[in-house]
Amino acid sequence: MARIAGVNLPTAKRVEVALTYIHGIGPSKAKEITGKLGIEAARRVNQLTDSEVLKIREAIDADYMVEGDLRREVAMNIKRLMDLGCYRGLRHRKGLPVRGQRTHTNARTRKGPAKAIAGKKK
């Protein structure tokens, strides 16, 4: 079992797909990593040698911010916006959509389940 950046990669999946299990690495970065290291796209994680896993681990550590560091930086950016009191920070603080979506209807993911209003029946 390959363990990279504190994540156990699924052994039966292709290397490109398995790398996307690491927070901060999507399909394009996974393809970039495998291309840079010369690992074929069809290879599975259980077919990798220990040296190849070590190369992948070193490449990710050197070039990409992943997992805990990335989560911490994103959280710090959101906290900075909230402390500034800017519009985006206020939206984060109130738990409302941040990027200009409508809230009259929809926005249930951010706002939570609908609350009944007393005397609203028609």
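Simple spin-label estimate for VAL98 and ASP61 gives 3.0 nm between the two label positions (7 Å along the Cα-to-Cβ direction from each Cα).
What does the C-alpha gyration tensor say about the overall shape of the range 3-44? Classify as rounded when a/c is under 1.5, otherwise prolate if a/b is larger than b/c, or oblate. Taking the square roots of the gyration eigenvalues as a ≥ b ≥ c, the range 3-44 is oblate.
On full extension, the segment bounded by LEU70 and ARG44 gains 6.7 nm, given 0.36 nm per residue less the C-alpha separation.
In the chain, the portion of solvent-accessible area held by carbon and sulfur atoms comes to 53 percent [1.4 Å probe, whole percent, DNA, RNA and ligands not counted].
From the convex hull of the Cα coordinates of the chain, what is the mean projected area in square nanometres? Let's see the in-between values first.
Numbers: hull surface 46.6 nm².
Convex hull of Cα atoms, orientation-averaged projection: 11.7 nm².
Accessible area per residue for the chain is 72 Å², calculated with a 1.4 Å probe on protein heavy atoms, without ligands, DNA or RNA.
Stretched out straight at 0.36 nm per residue, the stretch from ARG80 to THR109 would grow longer than its current Cα-Cα span by 8.1 nm. Near LYS29, within a Cβ-to-Cβ distance under 14 Å, what is the net charge of the other residues, with Lys and Arg +1 and Asp and Glu -1? It works out to a net charge of -3.
Which peptide among 41-48, 4-11 comes first, and what is the full order, when sorted by highest mean count of other Cβ atoms within 10 Å?
Most protected by this proxy first, the peptides run 4-11, 41-48.
The values are calculated or read from the model by the stated rules, or taken from the named source; none is laboratory data. Please read all numbers here as calculations on a predicted model, not as lab measurements. Don't worry about glycine lacking a Cβ; one is built from the backbone with ideal geometry, like all the others, and counts go over all protein chains shown. Remember, those area values only see protein heavy atoms, side chains included, never the ligands or the DNA or RNA. Shrake-Rupley method; radii C 1.70, N 1.55, O 1.52, S 1.80 Å.
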